[in-house]
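Novice: Sharing a structure, written as structure tokens. Questions coming.
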Amino acid sequence: MYRAEVFLRQLEPRTGRTTQQVVNFVLWPIAVMTVLNRVIVTAVNGAITDDFRPVYNAALAFWNGRDVYTADFNSVDPHYLYPPSGSLLMAPLAILDPERSRWLFIGVNAVAILVALYLLLRLFDLTISSIAAPILVLGAFMSETVTNTLVFTNINGLVLLGEVAFLLLLMRKKDLWAGAAIGLTIAVKPTLAPLLLLPLVRGQWKVFVTALGIPFILTVVAWPLASDPMDFVRRTVPYLLESRDYFNSSIVGNGAYFGLPEWLILLLRVVLAAMVVVSLWLLYRYYRNDELFFLTTATGVIMTASFLLPSLGQMYYSMMLLPLLMSVVLKNSVMRNWPAWLAVYGFMTFDSWWSNRWPTFGRAAEYTKSTLGWSLLLIVIFCVLGYRYLVARREGRLDRGIDPAYLLDPPLDAVSPAHEAETATKH
């Protein structure tokens with residue numbers, strides 16, 4: 001690392017560029033070509049898993065007044081699981097033929113991801129000219145979550161845009177618009193619904209007007225237009241509440257796949273749920289006034305818990321953790337340690353761990369990497385916040401928060417000698 005810094009400093013007088021410009025000069029071409037490869041080649045090539053086909057078929061059926069909720073839930077193929085409000089929003093996809101419609105959907109999701117990454121930079125007061133910009137774009141499009149979102153062609157890119165827009169608007173106190181951003185995603189799939197806890201504890205009640213109102217209005221409009229809306233309630237909702245042992249990285253799903261006893265699965269869920277509750281309490285109690293840290297860290301905890309603890313969690317949901325990962329630029333970030341990034345590797349890597357030489361190990365590593373990554377992330381955040389709390393309590397400075405002493409303003413060691421003498425006299 002030291003030699004790299006020296007090399008970059010030596011380049012400055014030779015090239016006439018700053019270190020930041022040199023890094024951008026190197027990384028932006030790689031980032032741009034990676035984006036083009038993922039969108040034009042990898043995504044268009046597709047894969048065996050095709051999330052778009054059932055959505056297109058449902059949109060076509062809805063558009064033509066036929067039954068939508070006809071999936072055979074005994075098969076392992078992707079199923080159509082959106083509510084009638086989602087069918088209404090997806091219906092325009094049926095205007096084009098399947099191939100061009102899929103290409104359009106890939107393009108829309110890719111643009112949505114890029115816009116979300118830009119808004120994420122703005123959330124942290126960073127610009128496109130900063131070093132963080134090409135690193136963020138390159139890291140995102142090299143990850144499993146972005147790659148498979150585009151390859152499988154699902155709506156997660158638009159959901160990410162809704163999430164980042166929601167956080168940005170929530171911070172800027174534009175509550176109705178923040179509610180609209182998350183409400184449109186909830187109308188299609190409830191992935192971000194747990195994040196409504198944030199405006200609830202912050203007292204931003206106007207968020208709920210649009211966050212709940214938009215899905216309600218779209219449902220009222222879609223219900224009479226759908227041929228079989230009650231089948232969503234009778235058939236799809238019960239399926240959504242079940243746990244399956246395939247394509248499922250939640251504790252329940254992986255536990256069932258590997259044959260873990262029910263008591264152990266329950267114990268793991270209870271222990272991690274307790275860590276989540278403690279972490280959220282510490283965040284609310286000591287960081288709610290540090291808005292950016294609170295919102296991004298609490299979002300990461302809530303979303304990770306929603307992937308890991310309920311009945312269904314899939315690895316490409318991890319895209320919703322990008323705000324937490326980006327919080328590493330904050331001085332008091334919980335992500336400034338190597339175990340946190342070991343966890344990130346688990347749920348973001350596109351590496352395959354299948355092994356022809358050691359098939360048992362490879363199978364276990366491949367199927368558990370996201371589950372272990374999410375679990376380790378929750379453990380790391382719990383430990384970081386818990387350690388900060390215990391140290392602050394021991395040092396008698398809980399009234400100043402639980403940030404490390406060296407981050408306090410003024411620092412803990414900047415107490416005047418007169419004040420120290422006065423304190424010693426009192427004791």
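The values are calculated or read from the model by the stated rules, or taken from the named source; none is laboratory data. None of these values were measured; they are calculated from a predicted model. Ideal geometry is used to build each Cβ from the backbone, glycine not excepted, and the neighbour counts take in all protein chains shown. Only protein heavy atoms, including side chains, enter the accessible area calculation; ligands, DNA and RNA are left aside. Shrake-Rupley method; radii C 1.70, N 1.55, O 1.52, S 1.80 Å.
Novice: Using the Kyte-Doolittle scale, find the helices of the chain whose mean hydropathy is at least 0.5 and whose Cα atoms extend 24 Å or more along the helix's long axis, counting only whole DSSP H runs.
Specialist: Within the chain the helices that satisfy the rule are 19-36, 98-123, 206-225, 262-287, 291-308, 359-394.
Novice: Please report, in Å, the Rg and the Dmax of the range 201-240, where both are computed over Cα atoms only.
Specialist: 14.0, 41
Novice: Would you mind estimating how fast the range 309-349 diffuses translationally, via Stokes-Einstein at 37 °C and 0.692 mPa s with the Kirkwood radius over Cα pairs, in µm²/s?
Specialist: Rounded to a whole number, D works out at 292 µm²/s.
Novice: Express the C-alpha Rg of the range 285-334 as a ratio against the empirical globular expectation 2.2 N^0.38 Å, rounded to two decimals.
Specialist: So the Cα radius of gyration is 1.21 times the expected 2.2 N^0.38 Å.
Novice: Can you show me the helix-derived [θ] at 222 nm for the chain, built from DSSP H runs with n ≥ 4 at -39,500 (n - 2.57) apiece and divided by the number of residues, rounded to the nearest 500.
Specialist: Details: 19 runs with 271 residues, N = 427.
Taking each H run of at least 4 residues, the total per residue is -20500 deg cm²/dmol.
Novice: How fast does the chain diffuse by Stokes-Einstein, in µm²/s, taking the Kirkwood radius from C-alpha pairs at 4 °C and 1.567 mPa s?
Specialist: 55 µm²/s
Novice: May I pose another question? In square nanometres, what is one fourth of the surface area of the convex hull spanned by the alpha carbons of the range 265-378? Before the final figure, lay out each step's value.
Specialist: Values: hull surface 30.4 nm².
About 7.6 nm², averaged over all directions.
Novice: Separate question: Kindly report the accessible area of the chain per residue (heavy atoms of protein chains, probe 1.4 Å, no ligands, DNA or RNA), in Å².
Specialist: Spelled out: the 1.4 Å probe surface of the chain, per residue, equals 50 Å².
Novice: Taking the Cα atoms of the range 361-405 alone, what are Rg (to one decimal) and Dmax (as a whole number) in Å?
Specialist: 16.4, 49
Novice: Let me ask something else about it. Using a Gaussian network model on the chain with a 10 Å cutoff between Cα atoms, which of LEU136, LEU89, LEU264 fluctuates the most?
Specialist: Sorting by GNM fluctuation, first place goes to LEU264.
Novice: Of ILE113, LEU292, GLY46, which is farthest on the positive side of the dipole of the chain, counting Cα position, with +1 on Lys and Arg Cβ, -1 on Asp and Glu Cβ, and the Cα centre as origin?
Specialist: My answer, from the dipole projection, is LEU292.
Novice: Just the Cα atoms of the range 158-302, one point each, no solvent: what log10 I(q)/I(0) does Debye give at q = 0.13 Å⁻¹?
Specialist: Scattering profile of the range 158-302, log10 relative to I(0): -0.76.
Novice: May I ask you to derive the relative contact order of the chain, considering only C-alpha pairs under 8 Å and at least 6 residues apart, and to give it as an integer percent?
Specialist: Value for the chain: 14 percent.
Novice: Calculate the dipole size of the chain relative to its Cα centre from +1 charges on Lys and Arg beta carbons and -1 charges on Asp and Glu beta carbons; express the result in debye to the nearest 20.
Specialist: With Lys and Arg at +1 and Asp and Glu at -1, about 620 debye.
Novice: Quick one: longest stretch of the chain between exposed loop GluC sites (Glu not before Pro), exposed meaning at most 16 other C-beta atoms within 10 Å and loop per DSSP?
Specialist: So the longest stretch without any such site is 1-241.
Novice: From the protein chains alone at 1.4 Å, what is the descending order of accessible area for ASP77, ASP409, largest first? Don't skip to the end; give the middle numbers.
Specialist: Details: ASP77 100, ASP409 145 Å².
So, going from the largest accessible area down, we get ASP409, ASP77.
Novice: While we're on this one: Rg to Rh ratio, the range 322-397, alpha-carbon atoms and Kirkwood radius?
Specialist: On the Cα set of the range 322-397, Rg over Rh gives 1.14.
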